[in-house]
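First the structure, in the form of structure tokens, and then the observations on it.
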Amino acid sequence: MAGQLILGLSLLVGLHELGHLLAARMFGMRVEQYFIGFPPRVFSFKKGDTEYGLGAIPLGGYVKISGMIDESLDTAQMKAEPQPYEFRAKPAWQRLIVMLGGIIVNVIVGIIIFVLLTYKNGNTYLPASEAKYGIVAYDLAKQIGLRTGDKIIKINGKSYKDFNDIRSTDVFLNDNSSYTVDRNGEILTIDVPNDFIDKLADKKNAGSFVEPIQPFKVGELEPGKPAIKAGLKTDDVITSVNGKPIRFYHEFGEITSKSKNQVIALGINRGGQQINLNVKTTPEGKLGFYAVNMLKTVTEEYTFGEAISIGTQRAFQVVYDNIKGFGKIFRGDVSPSKALSGPIGIAQNLFGGVWVWDRFWTVTGLLSMALAFMNALPIPALDGGHSTILLYEIVSGRKPSDSFLEAAQKVGMVLLLGLMAFAIFNDVFKAVF
């Protein structure tokens with residue numbers, strides 16, 4: 001997990017800071033330092049006027065541009081007469097492009113990643129029409145009125161084609177969302193509370209909303225576990241447990257979860273032949289096999305031109321979701337402690353414990369767009385804060401004093417350090433409790 005996070009963040013931060021560096025050099029500004037990571041420094045070398053280096057704390061990076069008030073707070077340099085190669089000596093519009101350079105690069109990187117993943121993988125999904133047996137409603141779904149066996153026929157009054165749309169951000173981040181449900185021939189409307197995402201964000205509710213009711217067969221068997229010891233084989237279809245007929249995976253799971261560390265009798269259909277096996281479950285109520293969903297998924301493949309359009313849309317969906325999420329927080333629908341994650345939470349919840357390249361690049365693309373959005377916020381010390389001040393200068397024709405810029409930088413740094421401390425503490429608290 002940590003290795004994936006460090007690699008992903010280092011890549012994105014390096015490219016972000018490179019955006020500032022290239023824009024600065026394009027306008028003849030001197031770049032004194034380009035670092036990935038924060039001090040203490042691991043190593044550095046100098047080429048031309050710029051020192052390139054790597055810091056030991058891989059949670060960010062920076063470029064130091066001559067004549068700019070930044071996190072270094074180099075006030076001595078600012079007291080001297082401006083030099084032609086300094087940031088402060090350049091027109092406001094050039095300084096604005098330099099400040100936006102990192103954000104622009106992160107957006108471009110995010111779009112490229114999503115476009116290439118879309119072109120490579122297409123879109124594999126379970127059609128809504130294939131979920132013909134209805135849904136399995138877990139506790140959270142039951143709290144809003146959904147029931148196992150319900151067939152969700154519309155989302156927010158509209159038909160849908162992908163079963164995952166039921167669990168999409170368009171439902172949980174929008175206000176006044178609803179499901180139209182067919183319950184044994186009766187059509188019902190189930191409203192989704194505006195603060196429902198706050199419950200979904202709780203660690204104890206992870207993954208416990210709805211799933212399609214699915215017929216299943218035995219897939220890969222885990223070595224040394226009860227299933228393989230008892231003689232269960234890949235492609236076996238379990239037809240009964242303890243004499244009770246079953247057809248769907250949730251039925252099987254409900255029985256085994258109540259039969260922990262017990263011997264259960266399985267009825268098996270193996271290639272048309274009916275056999276019986278006795279299996280002792282694990283202390284967790286498991287048998288040790290992966291279930292194969294027998295519902296049929298669909299894969300849509302895209303031309304490169306289509307991938308550009310769809311991938312770009314997917315990239316900017318991250319930004320739209322962040323905006324909606326912050327709106328939920330500000331309105332009090334979502335608790336900040338549940339919604340905000342630091343590096344520990346990102347590593348655990350997004351990257352996972354196994355290295356999968358598609359997932360790595362998907363998460364890196366998400367982070368690239370999220371970093372662009374966060375850096376664009378008008379908070380002092382962030383690119384968005386600097387850009388807001390520069391826009392004021394361009395519109396008003398008045399340049400803020402160096403003392404004001406220094407004070408704004410200090411306030412922004414305190415805010416950012418406080419936010420980072422809160423996020424890390426929050427990650428640790430959620431991991432422990």
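The values are calculated or read from the model by the stated rules, or taken from the named source; none is laboratory data. Note that the structure is a prediction, hence the values are computed from the model and not measured. We place every Cβ from the backbone using ideal geometry, glycine too, and count neighbours over all the protein chains shown. Only protein heavy atoms, including side chains, enter the accessible area calculation; ligands, DNA and RNA are left aside. Shrake-Rupley method; radii C 1.70, N 1.55, O 1.52, S 1.80 Å.
Report yes if some residue within region 285-307 is part of a strand (DSSP E or B) and of a type in the set (Gly, Ala, Ser); otherwise report no. Steps first, please.
To start, the set of residues in region 285-307 that are part of a strand (DSSP E or B) comprises 289-293, 298-300.
If we keep only those that are of a type in the set (Gly, Ala, Ser) as well, we get 291.
The answer is yes, given that some residue of region 285-307 is part of a strand (DSSP E or B) and of a type in the set (Gly, Ala, Ser).
So which residues in region 240-255 are assigned to a strand (DSSP E or B) and open to solvent by 40 Å² or more (accessible area, probe 1.4 Å), if there are any at all?
Hits for region 240-255 are Lys244, Pro245.
I'd like the residue in region 64-73 that is of a type outside the set (Ser, Thr, Tyr) and open to solvent by 50 Å² or more (accessible area, probe 1.4 Å) and, out of all such residues, is modelled with the highest pLDDT. Let's see the steps before the verdict.
Let us first name the residues in region 64-73 that are of a type outside the set (Ser, Thr, Tyr), namely 64-65, 67-71, 73.
The next check asks that each one be open to solvent by 50 Å² or more (accessible area, probe 1.4 Å); those that pass are 71, 73.
Working: Glu71: 64, Leu73: 59.
Across region 64-73, the extreme among qualifying residues is Glu71.
Every residue in region 256-269 that is part of a strand (DSSP E or B) and open to solvent by 70 Å² or more (accessible area, probe 1.4 Å), please.
Val263
Go through region 16-49 and count every residue that is under 19 Å from Ile69 (Cβ atoms), open to solvent by less than 60 Å² (accessible area, probe 1.4 Å) and without any contact (Cβ under 8 Å) to a residue 40 or more places away in the chain.
Selection size over region 16-49: 5.
What's the number of the only condition in (1) in a strand (DSSP E or B); (2) touching a residue at least 12 places away in the same chain (Cβ under 8 Å); (3) among the small types (Gly, Ala, Ser); (4) surrounded by fewer than 19 Cβ atoms within 10 Å (Cβ to Cβ) that Gly61 fails to meet?
(4)
So which residues in region 123-148 are open to solvent by less than 10 Å² (accessible area, probe 1.4 Å) and not aliphatic (A, V, I, L, M), if there are any at all?
Gly134 - this is the single residue of region 123-148 that is open to solvent by less than 10 Å² (accessible area, probe 1.4 Å) and not aliphatic (A, V, I, L, M).
Can you confirm whether Lys151 is open to solvent by 70 Å² or more (accessible area, probe 1.4 Å), farther than 30 Å from Asn278 by Cβ and touching a Gly at 6+ places or on another chain (Cβ under 8 Å)?
Spelling it out, Lys151 is indeed open to solvent by 70 Å² or more (accessible area, probe 1.4 Å), farther than 30 Å from Asn278 by Cβ and touching a Gly at 6+ places or on another chain (Cβ under 8 Å).
Taking region 272-282, which residues are open to solvent by 90 Å² or more (accessible area, probe 1.4 Å) and free of Cβ contacts under 8 Å to residues at least 24 places away in the same chain?
Scanning region 272-282 gives Gln273, Asn276.
Give me the pairs, please: first residue somewhere in region 394-415 and at pLDDT below 85, second residue anywhere and open to solvent by 100 Å² or more (accessible area, probe 1.4 Å), beta-carbon distance under 9 Å, and either six or more positions apart or on two chains.
Asp402/Lys79
If the requirement is being out of contact with any Ser or Thr (no Cβ under 7 Å at 6 or more places or on another chain) and either closer than 25 Å to Phe163 by Cβ or among the β-branched types (Val, Ile, Thr) (or both), which of these qualifies: Phe316, Phe304?
Phe316
Could you grab me the full set of residues in region 180-203 that are open to solvent by 50 Å² or more (accessible area, probe 1.4 Å), in a loop (DSSP other than H, G, I, E, B) and either charged (D, E, K, R) or touching a Cys at 6+ places or on another chain (Cβ under 7 Å) (or both)?
The one that is open to solvent by 50 Å² or more (accessible area, probe 1.4 Å), in a loop (DSSP other than H, G, I, E, B) and either charged (D, E, K, R) or touching a Cys at 6+ places or on another chain (Cβ under 7 Å) (or both): Asp195.
Kindly indicate which of Lys328, Lys324, Lys296 is within 19 Å of Asn176 (Cα to Cα), open to solvent by 50 Å² or more (accessible area, probe 1.4 Å) and not polar (S, T, N, Q). Working first, answer last.
Details: Lys328 fails: open to solvent by 50 Å² or more (accessible area, probe 1.4 Å); Lys296 fails: within 19 Å of Asn176 (Cα to Cα).
When all the criteria are applied, what remains is Lys324.
Identify, please: which residue in region 356-372 is farther than 15 Å from Gln313 by Cα and not β-branched (Val, Ile, Thr) and is, among those, most open to solvent (accessible area, probe 1.4 Å)?
Trp357
Out of region 272-284, which residues are under 16 Å from Arg247 (Cα atoms) and either part of a loop (DSSP other than H, G, I, E, B) or at pLDDT below 90 (or both)?
Gly272
Can you tell me which residue is most open to solvent (accessible area, probe 1.4 Å) among those in region 154-175 that are polar (S, T, N, Q) and under 23 Å from the mean Cα position of the chain (by Cα)?
The extreme case among them is Asn164.
Being over 22 Å from Phe248 (Cβ atoms), under 20 Å from the mean Cα position of the chain (by Cα) and open to solvent by less than 30 Å² (accessible area, probe 1.4 Å), is that true of even one residue in region 99-108?
Yes: one or more hits.
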